[in-house]
Amino acid sequence: MSTSSDRAPDPRPARTKAAIFAAARDLTIADGEVTVNALAKRAGVSRAAFYSHFSGLDALMAAMLEEMFEAAWARGRVNSEAGYTITQHVQHGYSMMVAYVERHHTFLRGALDWKFSHRTYMILADTLTALHVQALERMPDALPARPDVESLARVLTGAELAQAEHWLVETEQDARAGAALDATGLLETILAAAPSWYTGLGAEEPIDAAGLLESARTYEGPSDAAG
């Protein structure tokens, strides 16, 4: 006789959560203002179902960011096994972030309008900073004498986020016109602006932003599968 503990877990909550993530990723300008109603409608779920998983848009944003960073860590492990140098890791880390911004343009651009909370922004900034700290600590001989590693990581994070926000605003009209968005220029700018000792790219060296971004596009993004 089977007991409740023997039963397989109910897959419906996982499917609902996956549908909400997919809806946030696939939002378009035609969906209108980024709201819980718009996301629930596109996901094919009720508002109640949305709120059973997330307390609001801030909570959804935080969960999406967590998914992005999990993907970045997983990609980092794969790259390490492939023998990537630390500067190659840095280049691919930037490309993962840019691919995420490109893929979630409408949702993230909407977030600038509904002004997600300072707490959510700090989750984003702190996690990006942690990624930079990890990279910086692996290149001690290349670091400048000051500031300290965490302060330097926060400077790198601030520049990265400022460029991403500018790109989201700058490309809004293209998105409204239905144009396919390409963040290759954003990645090239970020890599060109970052310190050469950090990226491993010389001032005159060509930057294969298109190749890096294409590689990240094939890897980035929360899974649509339930589970």
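Only residues that are aromatic (Phe, Trp, Tyr), open to solvent by less than 70 Å² (accessible area, probe 1.4 Å) and under 13 Å from the mean Cα position of the chain (by Cα): list them for the stretch 47-73, please.
So the first thing to find is which residues in the stretch 47-73 are aromatic (Phe, Trp, Tyr), and the list is 50-51, 54, 69, 73.
Then drop every residue that is not open to solvent by less than 70 Å² (accessible area, probe 1.4 Å), which leaves 50, 54, 69.
The answer is 69, and nothing else.
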Query - Qualifying position, being among the small types (Gly, Ala, Ser) and either open to solvent by less than 20 Å² (accessible area, probe 1.4 Å) or under 17 Å from residue 69 (Cα atoms) (or both), among 164, 159 - result: 164
**Report entry** Residue satisfying condition, being in the same structural domain as residue 112 (by the TED database), touching an Asp or Glu at 6+ places or on another chain (Cβ under 9 Å), open to solvent by 40 Å² or more (accessible area, probe 1.4 Å) and of a type in the set (A, V, I, L, M), within set 181, 128
**Finding:** 181
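Give the residue, chosen from 83, 93, 76, 44, that is in the same structural domain as residue 208 (by the TED database), exposed (fewer than 13 other Cβ atoms within 10 Å of the Cβ) and not polar (S, T, N, Q). Outline the logic, then answer.
On the way: 93 fails: exposed (fewer than 13 other Cβ atoms within 10 Å of the Cβ); 76 fails: exposed (fewer than 13 other Cβ atoms within 10 Å of the Cβ); 44 fails: in the same structural domain as residue 208 (by the TED database).
It is 83.
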Requested in this report: Please tell me if residue 111 is among the small types (Gly, Ala, Ser) and open to solvent by 10 Å² or more (accessible area, probe 1.4 Å).
Outcome: no
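The values are calculated or read from the model by the stated rules, or taken from the named source; none is laboratory data. These numbers come from a predicted model, not from an experiment. For neighbour counting, all protein chains shown are included, and Cβ atoms are generated from backbone atoms with ideal geometry for every residue, glycine included. Side chains are part of the model used for accessible areas, which takes the heavy atoms of the whole protein and leaves out ligands, DNA and RNA. Shrake-Rupley method; radii C 1.70, N 1.55, O 1.52, S 1.80 Å.
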